[in-house]
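In what follows, a single structure is set out as structure tokens and then discussed.
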Amino acid sequence: MRSEELFAEAQTLMPGGVSSPVRAIKPYPFYTRSASGSHLLTEDGENLVDCCLGYGPLILGHAHPAVREAICSCTEGGWLYGTPAEKELILARMIVADHPSVDMVRFVSSGSEATMAAIRLARGFTNREDIIKIEGGFHGAHDGVLIKAGSGATTMGVPDSAGVIPDVVRHTLQVPYNDTEALSSLLENNDNVAAFILEPVLGNVGPVLPDENYLSEVRKITEEHDVLLILDEVITGYRLGIGGAQVKYGITPDLTTFGKIIGGGLPIGCFSGRRDIMAMTAPAGPVYQAGTFSGNPLSLSAGIACLQQLRDNPGVYSTLAENARAIGESIPSAKSDGFVNLGSMFKLFFRKTPPRDYREAKESDTEAFSVFWNKMIKKGIFLPPSQFETNFLSIAHTEEDVATIAGAYSECLS
Ligand code: PLP
């Protein structure tokens, strides 16, 4: 197999042979030669239905014509200026218009950069040091959030990374998801908390869904304690609908981070929110943040084209949700109790009930997941290779693809 050969050499050139840990599928990952629509073509000649979609950004599927056209025509005019460009305003206007909580945005090059800057901004604005995150919540691979940090780290057995010094994470406190009492009591005993950062739906554990009223309670509690709420919508932004989780659940965060879909599949991130807080960002204010590739025209072009497609076709969200539901319905009833679905995010947990938090998710039978994953890939379905990663659908998945995925679920679980 060509993938096996490539991986053998890759291990001599890159740690673990990969550019990001979760890609190191055992015994060796397949290498992708090209991708189109809902399919990946591997270097071994296999054609796979893709339910990983680059871990979320590709809601339009691979190589969508409108995005490709936007990228190609952008290249005619160069792809890095080191100066402002009007495309920044176009994407900024869209994000501001779609999110009532967002007055201003700053573009960066990844979701990690976005959360890192949002946390720094929250600290700069409040003059406080601590942040609270969710156990198992993932906000990228920077020091301050790398404790009990979601899917990749959990799958690789390194939820707490070596090299992150205690002095840094001393200021990162944790509460379980869906536990408002833990949040309240932590805040009652600590007046040094700048912000609570959370994924509205735990995408890097599952998905794990919020209990009814959890997010509105979180908003109430953070307001009562004058603590900023940073909603990390890197996955959920434009995934759960125009306006993301905050519009769906009717909550108003102080800051929001975006990534993935807003770049149409090219590297991007963005932190955003209330004008008075955002105005603390350099050069308008004293909180420093900068980047060579920030607001690069290529990512902006892809992002604008992608969001335009979604805004022009808002009906796609209900089709995506119906398709994910249909996949869930194909699971034999004896195995379906751990199925979780929200819009086009879905996952079968190998446990008796949908998990409510990280601890419950970790009780899943990961051996059984692994057996299932291997059966699915043999049937031509590529699911993210971790029990703790969300599966996604795109608008490129046809009825036939959905039937193929559903059929594979049914057979592999019977
Ligand atoms: N925040 C969330 C919720 C994510 O899911 C991710 C990545 O998966 C990030 C932040 C980090 O984004 P990036 O991988 O673009 O740095």
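Filter region 121-142 for residues that are within 16 Å of the ligand (Cβ to nearest atom) and farther than 30 Å from Lys362 by Cα and give the result.
Residues of region 121-142 within 16 Å of the ligand (Cβ to nearest atom): 121-122, 131-142.
Across region 121-142, the qualifying residues are Leu121, Ala122.
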Task: Checking Lys87 against (1) at pLDDT 95 or above; (2) surrounded by 14 or more Cβ atoms within 10 Å (Cβ to Cβ); (3) within 26 Å of Leu348 (Cα to Cα), the condition it does not meet - done: (3)
- [ ] Among residues belonging to region 100-111 that are under 30 Å from His39 (Cα atoms) and not in a strand (DSSP E or B), point out the one that is farthest from the ligand (Cβ to nearest atom).
- [x] Ser109
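Need a quick list: helices (runs of 4 or more DSSP H) entirely within region 338-414 having at least 3 residues that are modelled with pLDDT of 95 or more and touching a strand residue (DSSP E or B) at 6+ places or on another chain (Cβ under 6 Å).
Numbers: elements: 358-362, 366-378, 399-413.
Once the helices (runs of 4 or more DSSP H) in region 338-414 are filtered for at least 3 residues that are modelled with pLDDT of 95 or more and touching a strand residue (DSSP E or B) at 6+ places or on another chain (Cβ under 6 Å), what remains is 399-413.
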- [ ] Kindly provide the set of residues from region 307-335 that are more than 17 Å from Thr404 (Cα to Cα) and in contact with a Leu (Cβ under 9 Å, 6 or more places away or on another chain), ordered by number.
- [x] Leu307, Gln309, Leu310, Val316, Tyr317, Ala334, Lys335
TODO: For region 325-369, name all the residues that are in contact (Cβ under 8 Å) with a residue 40 or more places away in the chain and small (Gly, Ala, Ser).
DONE: Ala326, Ser330, Gly343, Ser344, Ala361
TODO: Examine region 190-202 for a residue that is buried (at least 17 other Cβ atoms within 10 Å of the Cβ), more than 18 Å from Glu223 (Cα to Cα) and within 15 Å of the ligand (Cβ to nearest atom), and state whether such a residue exists.
DONE: yes
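Here is a yes/no grid of residues against (1) modelled with pLDDT of 95 or more; (2) more than 16 Å from the ligand (Cβ to nearest atom); (3) aromatic (Phe, Trp, Tyr):
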position	(1), (2), (3)
Ile268	yes, no, no
Gly273	yes, no, no
Asp276	yes, yes, no
Ala279	yes, yes, no
Ala284	yes, yes, no
Tyr288	yes, yes, yes
Leu298	yes, no, no
Ile304	yes, yes, no
Open item on the list: Anything in region 71-101 that is of a type in the set (Val, Ile, Thr) and over 19 Å from the mean Cα position of the chain (by Cα)? List them, or say none.
Closed with: Ile71, Thr75, Thr83, Ile90, Val96
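Given the options Ala114, Ala70, Ala97, name the one that is touching a strand residue (DSSP E or B) at 6+ places or on another chain (Cβ under 6 Å) and either more than 16 Å from the ligand (Cβ to nearest atom) or touching a residue at least 12 places away in the same chain (Cβ under 8 Å) (or both). Steps first, answer last, please.
Numbers: Ala70 fails: touching a strand residue (DSSP E or B) at 6+ places or on another chain (Cβ under 6 Å); Ala97 fails: touching a strand residue (DSSP E or B) at 6+ places or on another chain (Cβ under 6 Å).
Every option except Ala114 fails the conditions.
Do the conditions hold for Pro84, that is, is it part of a loop (DSSP other than H, G, I, E, B) and either in contact with a Cys (Cβ under 9 Å, 6 or more places away or on another chain) or over 21 Å from Gly295 (Cβ atoms) (or both)? Give the steps one after another, and end with the answer.
Working: part of a loop (DSSP other than H, G, I, E, B): yes; either in contact with a Cys (Cβ under 9 Å, 6 or more places away or on another chain) or over 21 Å from Gly295 (Cβ atoms) (or both): no.
So Pro84 fails the test.
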Task: Of the criteria (1) within 30 Å of Asn374 (Cβ to Cβ); (2) out of contact with any Gly (no Cβ under 8 Å at 6 or more places or on another chain), which one Val49 fails - done: (2)
Task: Positions within region 247-263 being surrounded by fewer than 24 Cβ atoms within 10 Å (Cβ to Cβ) and either within 11 Å of the ligand (Cβ to nearest atom) or closer than 17 Å to Arg311 by Cβ (or both), in sequence order - done: Val247, Lys248
Open item on the list: Tell me whether region 228-245 contains one or more residues that are within 29 Å of Phe369 (Cα to Cα), more than 12 Å from the ligand (Cβ to nearest atom), touching a residue at least 40 places away in the same chain (Cβ under 8 Å) and out of contact with any Phe, Trp or Tyr (no Cβ under 7 Å at 6 or more places or on another chain).
Closed with: yes
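Being assigned to a loop (DSSP other than H, G, I, E, B), buried (at least 18 other Cβ atoms within 10 Å of the Cβ) and either of a type in the set (Val, Ile, Thr) or at pLDDT 95 or above (or both) is true for just one of Arg239, Arg219. Which residue is that?
Working: Arg219 fails: assigned to a loop (DSSP other than H, G, I, E, B).
Just one listed residue meets the conditions, Arg239.
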- [ ] Could you tell me whether any residue of region 146-153 is within 11 Å of the ligand (Cβ to nearest atom) and outside any helix (DSSP H, G or I)?
- [x] yes
Task: Unique residue being under 28 Å from Pro57 (Cβ atoms) and more than 21 Å from the chain's Cα centre (by Cα) when the list is Val168, Val164, Val208 - done: Val164
Open item on the list: Just the residues that are touching a helix residue (DSSP H, G or I) at 6+ places or on another chain (Cβ under 8 Å) and either within 16 Å of the ligand (Cβ to nearest atom) or without any contact (Cβ under 8 Å) to a residue 12 or more places away in the chain (or both), please, taken from region 28-53.
Closed with: Cys51
Task: Of all residues in region 5-46 being part of a helix (DSSP H, G or I) and β-branched (Val, Ile, Thr), the one that is surrounded by the fewest Cβ atoms within 10 Å (Cβ to Cβ) - done: Thr12
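The values are calculated or read from the model by the stated rules, or taken from the named source; none is laboratory data. All figures in this text were calculated on a predicted structure; none of them were measured in a lab. As a convention, Cβ positions derive from the backbone with ideal geometry for all residues, glycine included, and neighbour counts pool all protein chains shown.
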